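The values are calculated or read from the model by the stated rules, or taken from the named source; none is laboratory data. From a predicted model like this one, the values you see are computed outputs, not experimental measurements. Here Cβ is always computed from backbone atoms with ideal geometry, including for glycine, and neighbour counts include all displayed protein chains.
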Amino acid sequence: MTLEVGLRWAVYACFGYLAVIYTSYFALAAVSLFEGVFRARQRDAEDLAGAFDSHFTIPVSVLFAAYNEEVPIVNAVRSVLANQYPEFEVIVVSDGSTDRTLDVLREAFQLEPRHIFYRKRFETEPVRGTYRSATDPRLIVVDKENGGKADSLNCALNLARYRYVLAIDADTLLAPDALMAGMRLVLRDPGNVIGVTSILGVAEKPEARIAEPRGARCVDRRTLLAFQQLDFERSYLTARLGWSRFNFMLCNAGAFAMWRRDVLEEVGGFSTGFTCEDIELTFRVHEHFRRLGKPYRILSLGETVGATEGPTGIRSLIRQRERWQRVIMETVFAYRRMLGRPRYGTVGLIGLPFYVLSEIVAPFVESLSLVVLVVAVATGLLDLRVFALTIVSLAVLNGILANVAVLVDDYTNRLYRLRDLLRLCLLGPFELFLYRPLVMLARARGVVGYLRGDQTWNKFERNARTAT
Amino acid sequence: MAAAPLLILLAFSLAWAITFAAVIAGRLRVARDPGRLRGVRRVTAATPRSRRVRLATDRRRRRRWSRIEALRLIAETSTPLRVAERQALADALADRNEDVRLGALAAVSARADELAAKLLVTALVEWRTGRARVATELQRQPREHVGPLLEELLGDGPPDVKFWALQVIGRSGSSLSWTAITELLDDPSPNVRAALAEGLPVFYRRPAIALRRLLADDEWYVRVHAARALGEAGVTRAAPAVAELLRDPSWWVRDAAEKALVALGKAGVREALRLLDDGDPFARDSAAEVLQESGYLDRCVVAAASGDAEAAGVLARVRGAAGDALVESAVARVGPGGETVRDDADDEPRLAVAS
């Protein structure tokens, strides 16, 4: 009898959790939809044609940290150099690469050794050499001892000259207008906007996708990559846009993270004490500015600013998501003092509780819910039809969220072919059955890894293609 | 038992279908109307002028997009604007809502006539934030329209306005009288002095005297701009004064001085060679970097490889000044025997500067 009562309450708790989490998802999606449409209209109403060649447009330093990235790095750097933006520089740090990363860069951009004296604001692993491109003097390449991504970004930051920096991954290919898209809101309010991120497409071979014209771009044929694309769209366009609205944007993602340089200097640069640098830095900046009561904005935008490489195999995907989960655990634990504290405003009162609920608690509760509901059905406590209808309802709810994400994406970017948009919409309801279990598994492994103190990067192998 | 969940599922499915249809409708609808501000149905090209004015003066926040669209249409009017239309543009440029202001800015700027110049200059004066955006649009206007209006602002205007006026004048290639320049040299705002320094090579045919004075300014960024301007203007006589800035406490000033010396060519190299033995390690490093960036170091490596004692001496001094790395990278660049050195279009003896 006691067991039955306990199980009954567990079933109620499961439904309660689902009600709370999906209500918050939908509330956030509604805010994101509003924010996405608002930002798109704002962009359309504003004419930036003059800013593309204006002396008054704030220059940007683009920072790459590259460890064994011989395959994507050249195209990635080319995509940045091809950006239509008045003034910028590109600093690539080869983080003790053991493959041909430096060689392919040297060949592609005719690198010449140059000794550069720079301000060592941040201590990093020793620099072996610095190079400048003979064909494009905006490109500087640094070869240094291996010290991790954060260490490399700090090294790049030491050399960066401009007021805003954009840290991007070596497999990120930028769209030709990406810098302007990222800087658009900075140009409006450089005093307050200190961080910006924006959505990227996911593809097996980003260079092929980025070359496709607006309105005719395909979503990758592989279902796993299409699900990742959908996952990115949901994350950015039905969550982060909403976070931005309330100024608790908790992850200025490493694939496209724009920061005001003086802020990075003020908070001590990228931290090498965490598995990954991006979420922790975002939390640190929030903590710093909220503690000091200084006004600031960290924004996530709806513009697709480029494409990044997604894992094509299930194992690679799980490794990547496992690392993300570890980073989230590390960061939330490190900044737990912000949780629920009015001093930290929306970050402490809304953002962090939501993050804990959806990212930390979710792996446990989702797994537990599944077990509880199955046991409840097996013991006759829950009608099988109700169970089945609940699961299908959840799938449809996920489908609605996916549709909202696709809607915002298309309204903002007008990038993909209609048939690809519809494909994403149709995949939405199946996400719960085909994709979410993988993410749940990765998250569970991430939790275990975190508890073990694992801080390895677990980089997935780059998809097979020729180094340029 | 399962009736309620079934109804819920049906409701969810209906919501899914609606959002799915919205994706399709969104794509198809917008495809019909390219070039129009999306979501604005109240104003079109066929809207009468009087109604456009009414919409363009509707200050309600939720009407801002149709207001912007109406402003665009008004600004695109090819016939002379009516008083009410001009007033609508002027009011929108002074509106509290930033979106309306920026929308009006784009609309007005597209006209590129005297009215646009006048309205934009007024915006430059009145806006508290975002003056850089106004300056960007002013840059796109014909010089003859904006030049005189901006020069008027250089008198007693607030420092921020003077700063932006100077920036735009400098970028538009207009000149200033010596009297105006001397007044601005004593301006209490360092921002104004910095903008003056930046634009001096454009404002005045012989900017050296004014720029040399600004090299000694108390504010570091004024010195930065003065050094850069001297480099850009190629004032070789100022090389010794610029070289003094290699000892400046500010990294940015040293960096600017270094680049200016590179731009000054032989005069800059001569000063860099002199500072290789300076007591200040930062000055030595910067001097050595000037030699590297000007290509002089590479030529020394080539000459030293062919037995030139003077070049070998310079290399030794560079090693002493800034360590081995600089010379080693030069050797790596040109090859040990100097075989890959790129020949600059310099017909004088390669080490002429040193001697």
(message) Can you find, within the stretch A:26-72, the residue that is farthest from A:F232 (Cα to Cα) among those that are among the β-branched types (V, I, T) and at pLDDT 95 or above?
(response) A:V60
(request) Report yes if some residue within the stretch A:193-200 is part of a loop (DSSP other than H, G, I, E, B), under 27 Å from A:G428 (Cβ atoms) and among the β-branched types (V, I, T); otherwise report no. (result) yes
(request) Determine the pairs where a residue that is facing another protein chain (nearest Cβ under 9 Å) and within 17 Å of B:R299 (Cα to Cα), located within the stretch B:317-332, has a partner that is polar (S, T, N, Q) and assigned to a helix (DSSP H, G or I) with Cβ atoms under 7 Å apart, the partner being 6 or more residues away or on another chain. (result) B:L326/B:Q292; B:A330/B:Q292
(request) For the stretch B:317-329, name all the residues that are over 32 Å from the mean Cα position of the chain (by Cα) and in a helix (DSSP H, G or I). (result) B:R317, B:V318, B:R319, B:G320, B:A321, B:A322, B:D324, B:A325, B:V327, B:E328, B:S329
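Looking at A:P353, A:P342, can you tell me which residue is more than 10 Å from chain B (Cβ to nearest Cβ) and out of contact with any helix residue (DSSP H, G or I) (no Cβ under 8 Å at 6 or more places or on another chain)?
Only one candidate passes the filter, namely A:P353.
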(message) Based on this model, can you work out whether A:V361 counts as more than 19 Å from A:A239 (Cβ to Cβ), β-branched (V, I, T) and modelled with pLDDT under 90?
(response) no
(message) Can you find a residue that is surrounded by 21 or more Cβ atoms within 10 Å (Cβ to Cβ), within 19 Å of A:L63 (Cα to Cα) and not aliphatic (A, V, I, L, M) anywhere in the stretch A:325-344?
(response) no
(request) Output the number of the condition that A:E265 fails; it satisfies all remaining conditions of (1) within 22 Å of A:L157 (Cα to Cα); (2) in contact (Cβ under 8 Å) with a residue 60 or more places away in the chain; (3) surrounded by 24 or more Cβ atoms within 10 Å (Cβ to Cβ). (result) (3)
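Each row is one residue, and each column tells you yes or no for (1) over 36 Å from the mean Cα position of the chain (by Cα); (2) at pLDDT below 95; (3) among the aromatic types (F, W, Y).
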| site | (1), (2), (3) |
| --- | --- |
| B:L6 | yes, yes, no |
| B:I24 | yes, yes, no |
| B:G39 | no, yes, no |
| B:P48 | yes, yes, no |
| B:R72 | no, yes, no |
| B:L81 | no, yes, no |
| B:L89 | no, no, no |
| B:N97 | no, yes, no |
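The rows are residues; the columns are (1) within 14 Å of chain B (Cβ to nearest Cβ); (2) farther than 20 Å from B:A132 by Cα; (3) outside any loop (DSSP other than H, G, I, E, B).
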| position | (1), (2), (3) |
| --- | --- |
| A:A150 | no, yes, yes |
| A:A167 | no, yes, yes |
| A:L185 | yes, no, yes |
| A:G215 | yes, yes, no |
(message) Any residue that is of a type in the set (A, V, I, L, M), within 16 Å of A:C14 (Cα to Cα) and within 12 Å of chain B (Cβ to nearest Cβ) - is there at least one of those in the stretch A:364-374?
(response) no
(request) Could you tell me which of the residues B:R223, B:R213, B:R205 is within 20 Å of the chain's Cα centre (by Cα) and of a type in the set (K, R)? (result) B:R223
(message) Out of the residues in the stretch B:179-195 meeting the condition of being surrounded by 13 or more Cβ atoms within 10 Å (Cβ to Cβ) and out of contact with any helix residue (DSSP H, G or I) (no Cβ under 7 Å at 6 or more places or on another chain), tell me which one is nearest to B:L115 (Cα to Cα).
(response) B:A180
(request) Go through the stretch A:386-429 residue by residue and tally those that are free of Cβ contacts under 8 Å to residues at least 12 places away in the same chain and within 23 Å of the chain's Cα centre (by Cα). (result) 1
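Please determine whether any residue of the stretch A:405-423 is among the basic types (K, R), outside any helix (DSSP H, G or I) and facing chain B (nearest Cβ under 9 Å).
To start, the set of residues in the stretch A:405-423 that are among the basic types (K, R) comprises A:414, A:417, A:419, A:423.
Right, trim to outside any helix (DSSP H, G or I) and you get A:414, A:417.
From what's left, facing chain B (nearest Cβ under 9 Å): A:414.
Yes, there is a match, as at least one residue in the stretch A:405-423 is among the basic types (K, R), outside any helix (DSSP H, G or I) and facing chain B (nearest Cβ under 9 Å).
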(message) Any residue at all in the stretch A:236-259 that's more than 28 Å from A:P190 (Cβ to Cβ) and either of a type in the set (D, E, K, R) or within 17 Å of the chain's Cα centre (by Cα) (or both)?
(response) yes
(message) among the β-branched types (V, I, T) and modelled with pLDDT under 90: which single residue out of B:V302, B:V353, B:V314 fits that description?
(response) B:V353
(message) List the helices (runs of 4 or more DSSP H) inside the stretch B:101-167, counting only whole elements, that have at least 1 residues being within 13 Å of another protein chain (Cβ to nearest Cβ) and surrounded by fewer than 22 Cβ atoms within 10 Å (Cβ to Cβ).
(response) B:131-139
(request) Grab the strands (runs of 3 or more DSSP E) fully contained in the stretch A:49-148, keeping just those with 2 or more residues being within 13 Å of another protein chain (Cβ to nearest Cβ). (result) A:111-113, A:127-133, A:139-144
(request) Go through B:E232, B:E328 for me and flag whichever is within 24 Å of B:R206 (Cβ to Cβ) and surrounded by fewer than 21 Cβ atoms within 10 Å (Cβ to Cβ). (result) B:E232
(request) Filter the stretch B:290-316 for residues that are more than 14 Å from every other protein chain (Cβ to nearest Cβ), part of a loop (DSSP other than H, G, I, E, B) and either out of contact with any Leu (no Cβ under 9 Å at 6 or more places or on another chain) or hydroxyl-bearing (S, T, Y) (or both) and give the result. (result) B:S306, B:G307
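So that you can scan it fast, the table gives a plain yes or no per residue for (1) over 27 Å from A:S24 (Cα atoms); (2) at pLDDT below 95:
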position	(1), (2)
A:T172	yes, yes
A:L187	yes, yes
A:V196	no, no
A:I199	no, no
A:R221	yes, yes
A:V263	yes, no
